[in-house]
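Please read the structure below before turning to the comments.
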C-alpha cells in the first residue's frame with residue numbers, strides 16, 4: 001500500500017503586523033487597556049496641534065482629548081474617519097471651549113512679533129524665507145480675526161493636514177461647506193497679509 | 001510659498017510635549033481605563049451648567065438639551081473665580097432681520113452667540129405651526145439634511161430677489177419629557193433659500209401650515225432689514241464678560257473673557273418647572289446659606305448661595321419674577337456681591 005500524499009508543509013505563522021488604529025479601538029471596547037497604545041501613537045501629534053492653537057493649555061487639553069476619545073470609543077466608526085483625524089476633531093471641539101484663550105494667544109504673538117521686525121516692503125520678498133519670517137506677526141493677527149468655524153477648517157487643513165473629506169467628517173458638515181469656509185478663511189488671511197505678501201495658489 | 005505652507009512654516013508653533021505632561025496624561029488615561037465599569041464618573045460639563053441641570057428634575061431635560069448643544073469643555077483645574085466684578089451697561093447681540101407684519105398668533109425666540117443671533121424661530125402657542133429663519137454667511141443646502149428627501153426645487157421670486165423653494169418629506173420624531181425620541185413619522189417640509197445680500201443668506205423653513213408654499217412665500221415677502229434684540233436680555237454685565245450663547249429665547253449665558261470657567265446664566269423655566277419658594281431649599285442642590293428674601297422688579301424674590309459641587313466653588317441662585325409674574329432664575333459666581341446679583345436681576349427683561 002502506497003503512502004498517501006505527504007502532509008502539506010506546516011506554515012509557520014509570521015509575526016503578526018501591529019494592529020491598526022481602528023483595530024485597537026475595536027479591541028478596546030472589550031479590552032479597554034488596548035486603547036493606551038493609541039495614546040502612545042498619537043499624543044505628540046495631538047499635543048502639537050493643540051499647542052499651536054492654545055499654547056500651554058494644550059497640556060491640559062491633551063489629557064482631556066484622550067479621556068473623551070476613550071469614553072466615546074464604542075461610537076467610533078472606522079468607515080467614517082480614521083483615528084488620527086477623529087482625535088484631532090475631539091481636540092478641536094475642546095478648543096472651542098477656549099476660543100478667547102486662542103485669540104489672546106494669536107494677538108499676543110502678533111504683538112510680540114511686531115516688536116521684533118517689520119514685514120518686508122517688497123511683495124516679491126514673500127517667497128524669501130526672511131520675508132516669510134517677517135509675516136509671523138501679521139499671520140497670527142489674521143488668525144485671531146477669523147471666525148472660529150473658518151479658522152477650524154483652515155487649521156485642520158494647514159496644521160493637522162487633514163483632507164477636505166476628513167475635515168467634513170470631524171466637523172460634521174458637508175464637504176461643500178468645508179470648501180467655502182476654507183476659501184473664505186484663506187481669502188481673509190491673504191487680505192490681512194496682502195500688503196506684504198503675494199501667494200501661489202494651492203492646487 | 002502659498003498661505004497654507006506659510007501657516008505651517010511660520011505660523012504660531014507649539015512647545016514640544018514635555019515628558020512629565022505626557023506621563024501625566026497617560027496616567028490619567030490609564031486611571032480612566034482602570035475605572036471602566038465604575039459608575040458615576042465625573043461629568044465634563046462646566047460647573048454652573050451642571051448646577052442648572054441638577055436644580056430640578058423638570059429643568060434637567062431642558063438644561064441637558066442646551067448643554068449638549070454647546071461645547072463640552074473639561075473643567076480647568078487651574079481656573080479660579082474672579083475676586084470681584086464691576087457691572088457695566090450691556091448691549092445684547094441682535095438678529096439682523098424682522099418681519100413686518102409678524103403673522104398673527106406667532107411668537108419669536110432667538111438663538112445666537114457673541115457674534116449675533118443666527119436663528120429666529122416663530123411658533124404658535126401649540127408649537128405646531130410656524131417657521132424658522134436662519135441667517136448665515138454661506139449658502140445653505142436644505143437637501144443636505146439626514147432623513148430629508150427633496151421632491152421638488154422651484155425658482156421663485158422674493159421681492160426683487162431670486163430664491164429657491166425646496167420641498168419634500170423628512171423624518172420627524174416627537175421628544176418626550178425624558179428627552180427621548182418617540183412617535184416618529186415623516187412629514188412634509190418646505191425651505192425657501194435666498195441670498196439677502198452679499199455674505200448674508202436667509203433660509204426660511206416652514207412647519208405645519210407653513211409648509212404651504214404660498215404661506216411661506218408670503219412670510220418671505222414680509223422680511224425687512226431691521227435688527228431684533230433677543231427676547232431674554234440683560235442690561236448689565238460684568239466688565240470683560242460677553243455673551244457665550246443664548247438658546248430657545250429662554251436661556252442666556254455670559255462668560256468671563258479672561259476665565260471661561262466663570263459663567264452667569266439667566267433662564268426662564270417652563271411654568272411646570274417653577275419650584276415653589278417654600279420648596280427651594282429642598283430641591284436645590286447643596287445650599288450653603290439661608291434662603292434670603294429679597295425684592296426684584298418690585299416683587300418678592302429669593303436668593304441663596306449654593307455649593308456648585310466643583311472645586312469648592314459656590315454660586316448664587318436667584319429665583320425672581322418679572323412684573324407680569326413670569327418666573328426667571330439667575331445663577332452667578334460667588335465673586336458677585338449679593339447687591340450685584342440683584343442689580344443684574346433688575347436689568348433682566350423678557351419680551352416673548
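What follows draws every value from the coordinates through simple rules; no lab data is involved. All of these numbers come straight from a predicted model, not from anything done at the bench. FYI the Cβ positions are ideal-geometry reconstructions off the backbone, even for glycines, and counts take in every protein chain you see.
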Normalised by the number of residues in segment B:87-179, what is the relative contact order in percent for Cα pairs under 8 Å and 6+ residues apart? 16 percent
Taking every residue in B:16-28, how many Cβ atoms of other protein chains lie within 10 Å of its Cβ, on average? 5
Round to a whole angstrom and tell me the spacing of the C-alpha centers of segment B:274-300 and segment B:108-129. 30 Å
State the volume of the convex hull built on the alpha-carbon positions of segment B:107-260, expressed per residue in Å³ and rounded to an integer. 151 Å³
Please state, as a whole number in µm²/s, the translational diffusion coefficient that the Stokes-Einstein equation yields for segment B:262-352 at 10 °C and 1.306 mPa s, with Rh defined as the Kirkwood radius across alpha carbon pairs. 119 µm²/s
Using the Cα atoms of segment B:294-347, I'd like the radius of gyration and the largest Cα-Cα distance, Dmax, both in angstrom. 11.4, 38
After finding the eigenvalues of the alpha carbon gyration tensor for segment B:251-309, what semi-axes result from the square roots of 5 times each, listed largest first in whole Å? 22, 16, 13
Normalised per residue, the volume inside the convex hull of the alpha-carbon atoms of segment A:132-197 in Å³ amounts to 75 Å³
Segment B:255-321, relative contact order in percent, only Cα pairs under 8 angstrom and at least six apart counted: 21 percent
Mean projected area (nm²) of the alpha-carbon convex hull when segment B:185-341 is viewed from all directions: 13.9 nm²
Quick note, segment B:197-284: a/c under 1.5 would make it rounded; otherwise a/b > b/c is prolate and the rest oblate (a ≥ b ≥ c, C-alpha gyration tensor); here it is oblate
Taking the beta-carbon count within 10 Å as an exposure proxy, list A:147, B:247 from fewest neighbours to most. A:147, B:247
Along each principal axis of its Cα atoms, how long is segment A:12-87 end to end? Whole angstroms, biggest number first, please. 50, 25, 23
